[in-house]
Protein chains: 2
Amino acid sequence: MEIITVNASQKYDVIIGTGLLENCGEYVKKVTKAEKIALISDDNVSGIYSERVTASLKQEGFEVCLFTFPHGEASKCSDTLNRIYGFLAENHFTRTDCIAALGGGVTGDMAGYASATYLRGMDFIQLPTSLLAQVDSSVGGKTAIDIPEGKNLVGAFKQPKLVLCDTNALRTLPRDFLIDGMGEVVKYAMIKSAPLFDILSANDIDSIWNVMDEVIAKCVSIKRDVVEADEFDKGERMLLNFGHTLGHSIEQYYNYTGISHGRAVAKGMEMVTELSEKRKLCRNGLTDDLMTLLKKYCLDITVEPKASQLGNACLNDKKREGGSINIIICSDIGKSSAVKMTVGDFANFLE
Amino acid sequence: MEIITVNASQKYDVIIGTGLLENCGEYVKKVTKAEKIALISDDNVSGIYSERVTASLKQEGFEVCLFTFPHGEASKCSDTLNRIYGFLAENHFTRTDCIAALGGGVTGDMAGYASATYLRGMDFIQLPTSLLAQVDSSVGGKTAIDIPEGKNLVGAFKQPKLVLCDTNALRTLPRDFLIDGMGEVVKYAMIKSAPLFDILSANDIDSIWNVMDEVIAKCVSIKRDVVEADEFDKGERMLLNFGHTLGHSIEQYYNYTGISHGRAVAKGMEMVTELSEKRKLCRNGLTDDLMTLLKKYCLDITVEPKASQLGNACLNDKKREGGSINIIICSDIGKSSAVKMTVGDFANFLE
């Protein structure tokens, strides 16, 4: 079991290990004074885990109310959020009660946002069950929903009280979700860690299981360092956005249904690195190295739109500031920086 | 002109004086690096003030986009909020841009909440035009929308960068709105200030104009003190809720249309003081003193429901904590405290 402590505006532990869901109650009891817990989960994950999670929470004396919504990014919207608010009100949840997100990134983002805003803030616990959620979205306190105009455009910073990453949960994931999560894992290697890049290069989508706990802990600890340096996303934290500006635009192009987040980010990393290499903003051959790694994890994909067609969608990116946009560029493996471009320069960059 | 500085998580000035709307641009320029300002207003206020505000902002080089919504509490909902988000996205607002709320409490609460959540936070300016907004809702950083289950149940703490209280704006208010605002003014006197109670007692709804700037400054400075002591509403700040738990339930009883906020709060203060006196929780005769003052400001009203009928609606009050609810009680003029009651005790209290 690995424990990584995050010192953000609220201090909390990310615990990585096996069997954590079955025993979540004892961990949760230590971090909240809540009497009631709203367990929020999608219909896929709920069927597998909600019973054992509920049982463990009840054993510690919590009253548990389960809210289930249809799985998929399309649910991460204002309609589902309003249903969550209604559920919390009907069940008389109070400001000292707690929301627990059981599931992947969609669940964590939306349940976290509900916990940030219902009664102006309740306690929040993350129980991430996907690789993507364990290495990325459950840590750092970014919560959000999508609106028709773009992904994650509405949200709040809300640090959880606890994150329990049960790596057993990843075993029940469809292979597709594992591939999806590896997109963010490759991102961490690219922006901050040549050693992680080497571990990934020495494995592939099948053998990665042998080093999964180590890989997750490395990713979480990179994210922890970045979040501690810049909780509210004014500088350093932007690096985590490598591949995301174009990635989000690709997801939007496919209406958040045709292509998964991790694959879109992989494609975004590929596009931005290729463009960077063309403009001598990174070392020669970096795109090839990245592509070799992406292939090992089935993340070499083709998409319809060219980079130049995605420029307009990128203008709603949260990393934009007034007439400029911050693009993350890796000059080499493990070395990244934010480059501020005017909207015009960015359009040229994408050509 | 009076300037009251609020030292919350963000430091900002509340400026009280005349002609501030016509000259808002120069004040706004000092507090934000925004290039664009989303001016949010209802159809009543917009018609009177949006042109001169826009002109002043443009003179300082800001690009201004106006969003207008139908006036009234019914607009303070998820639908209008979603339209604001869409408006911000379509106009390519960024995290470094700014939202300005021009209007009363509904506008300030909703525009403030939009500024707290769009892109996880933009700059925010309050230009309150009602007495209620100037003395209460524009100061202190509480933002919210209503949901079908109750008022202000969804929200965020978001301190503005600046509050400009142009007392000229109050002159154009229908008398009804002035009365409404006086409900909160009486509240300040009751919870914290016997001198303010004396000033109010020496005047009435017509003569209060002669001392309006002083009254507003007194209220803002009481609120400032309370907010500085307890920005995130864990203790002291609860005092501001005097009359509000029952008041909100009265508003809900009338579906947020039959009775204005200030009147509902006045009735809530009356009910809770009457119940307190019956149970010897305040000095004898306090209810009479309060009623004498409320009459001077046309705030002695009758409502259909009895206190005992409002208990259930009160259970969704944000001041509730688990199985308890915090009720604010004044033991005398200017002396208030929070009394924690179990849900059962509270039901008995209301009988």
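Odds and ends about this structure:
- Ellipsoid semi-axes in whole angstrom, largest first, where each is sqrt(5λ) of the Cα gyration tensor of the protein assembly as shown: 48, 31, 18
- Residue among A:132, A:153, A:57 with the largest mean-square fluctuation in a Gaussian network model of chain A, springs linking Cα atoms under 10 Å: A:153
- Average beta-carbon neighbours from other chains, 10 Å sphere, peptide B:120-127: 3
- Segment A:69-87 and segment A:146-213 have Cα centres lying 23 Å from one another.
- Low-density loop cleavage sites - trypsin sites (Lys or Arg not before Pro) in segment A:294-341, where at most 16 other Cβ are within 10 Å (DSSP): A:306
- Prolate/oblate/rounded label for segment B:2-171 (Cα gyration tensor, a/c 1.5): rounded
- 222 nm mean residue ellipticity, helices alone, for chain B (DSSP H n ≥ 4; -39,500 (n - 2.57); rounded to 500): -12000 deg cm²/dmol
- Label geometry 7 Å along the beta-carbon vector: residue B:228 inter-copy distances in nm: 3.4
- Teacher prompt: residue A:74 distances to equivalent labels in other copies, 7 Å Cα→Cβ, nm: 3.2
- Average Cα contact separation per residue, segment B:175-350, under 8 Å, 6 or more apart, as relative contact order %: 29
- Legend: mean number of C-beta atoms from other chains within 10 angstrom of residue C-beta atoms, peptide A:94-103, equals 3.
- Taking every DSSP bridge with both residues inside segment B:2-171, close to 30 percent are antiparallel.
- Candidates B:159, B:252, B:59, ranked by Gaussian network fluctuation over chain B, Cα under 10 Å, top entry: B:59
- Basic side chains Lys and Arg get +1 at the Cβ, acidic Asp and Glu get -1 at the Cβ, and with that the dipole of chain A about its Cα centre reaches some 680 debye.
- Sparsely packed loop sites in segment A:1-60 (the trypsin sites (Lys or Arg not before Pro) outside DSSP H, G, I, E and B with at most 14 other Cβ atoms within 10 Å) comprise A:33.
- Protection proxy ranking, peptides B:205-212, B:183-190, A:213-220, average beta carbon neighbours within 10 Å, highest first: B:183-190, A:213-220, B:205-212
- When peptides A:114-123, B:255-264 are ranked by their average number of other Cβ atoms within 10 Å per residue, the highest-first order is A:114-123, B:255-264.
- Share of Cα-Cα pairs in chain A lying beyond 31 Å, as whole percent: 29
- When residue B:202 is represented by a point 7 angstrom out along its Cα-to-C-beta vector, the spacings to that point in the other copies are 8.3 nm, nearest first.
All of the numbers you see were taken from the coordinates with simple rules; none came from a lab. Bear in mind the structure is a predicted one, so any value in this text is a computation, not a measurement. Please note: Cβ atoms are built from the backbone with ideal geometry, for glycine as well, and neighbour counts cover all protein chains shown.
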